[in-house]
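None of the figures in this text is laboratory data; all of them are computed from the coordinates on show. Bear in mind the structure is a predicted one, so any value in this text is a computation, not a measurement. Ideal geometry is used to build each Cβ from the backbone, glycine not excepted, and the neighbour counts take in all protein chains shown.
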Amino acid sequence: MQKNLERYQRQLIIKDIEEGGQQKLFKAKVLVCGVGGLGSPVLTYLAAAGIGNIGLCDFDVIAPSNLNRQFLYTPKELGKQKAHIAKAKLEKFNPDVKITAYSDKLNEENAGEIFKNYDIIVDAMDNFPSRYLINSVAYKNSLPLVCGGVCEFEGILTTIVPKENTICFQCIYPFKPSIKLTSKVFGILGAIAGTIGSIQALEVIKLVLGLRCLKNKLLIFNGLENIYRVKDVLKKNDCTICGN
Ligand SMILES: [Zn+2]
């Protein structure tokens, strides 16, 4: 489909994008796992940038307590499937973008099948078991993965590129917290999720354009103090996912 480039005019004049970069964005295939507080900004900015093929994956339905941060949803849509509502909103927002919605809960079997249709995976989940699963399947399939996480006034972010033998999520968090521990409800502020989600979208765009990303690095954002720190992370040689 011929796209109207006028929509992208303000990014086309950026030296590192121009028309060649925009064509790469149109051709990119990105899967976002989790369509909540992080997924809302990630998906919105990916669609805005003209990422041509976007997959989104969430098995949950919309609950009242989602609405302080998950801006793809409104009170009228309570109880409805997030994946379907998000797909409809994003298609309306940018008709250039092809959106595929998956409302399955990710597991070892279906994750590999879904992931193989994409070039880049985004972890926008809110629990450790899903993060470990996504990390393992993305690494096994040599797919770049952009991980983000938020809790109260803090956020973290890293970009994993298996083909470049970078660290993985499990190198940063080698301890597998029990399901019981991670199911504890923790505080999330919408603006913090928005900050980290926006940077995740930016990392995806830079991966597509071949620009410098947060590889082997962990970005830590403290929203109370307005401090961004980027620290180097070393690969754990005994890591069961990426270790040599
Ligand atoms: Zn690792």
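Considering the options Ala111, Asn66, Phe186, tell which one lies farthest towards the positive end of the dipole of the chain, charges being +1 on Lys and Arg and -1 on Asp and Glu at the Cβ, about the Cα centre. Farthest towards the positive end: Ala111.
Restriction of the trypsin sites (Lys or Arg not before Pro) in segment 1-102 to DSSP coil positions whose beta-carbon has at most 15 other beta-carbons within 10 angstrom yields Lys15, Lys80. Here Glu113 and Lys76 are evaluated by their C-beta separation; at R0 = 22 Å the FRET efficiency comes out at 0.10. Taking Cα centre as origin and charging only the Cβ of basic (Lys, Arg, +1) and acidic (Asp, Glu, -1) residues, the dipole magnitude of segment 63-106 rounds to 80 debye. Loop-resident chymotrypsin sites (Phe, Trp or Tyr not before Pro) (DSSP state other than H, G, I, E or B) in segment 146-244 with no more than 15 further Cβ atoms inside 10 Å of their Cβ: Phe153, Phe175, Phe186.
For the chain, modelled as a Gaussian network with Cα springs under 10 Å, which listed residue fluctuates most, Asn110, Asn135, Asn127? Sorting by GNM fluctuation, first place goes to Asn110. Can you give me the relative contact order of segment 18-146 as a percent, contacts being Cα pairs under 8 Å and 6 or more apart? Rounded, it is 28 percent for segment 18-146. Based on Cα contacts under 8 Å between residues 6+ apart, the chain shows a relative contact order of 20 percent.
Multiplying the residue separation of Asn244 and Asn4 by 0.36 nm and subtracting their alpha-carbon distance yields 81.7 nm. Under unit Cβ charges (Lys, Arg +1; Asp, Glu -1), what dipole magnitude, rounded to 20 debye, does segment 5-232 have relative to its Cα centre? So the dipole magnitude of segment 5-232 works out to roughly 20 debye.
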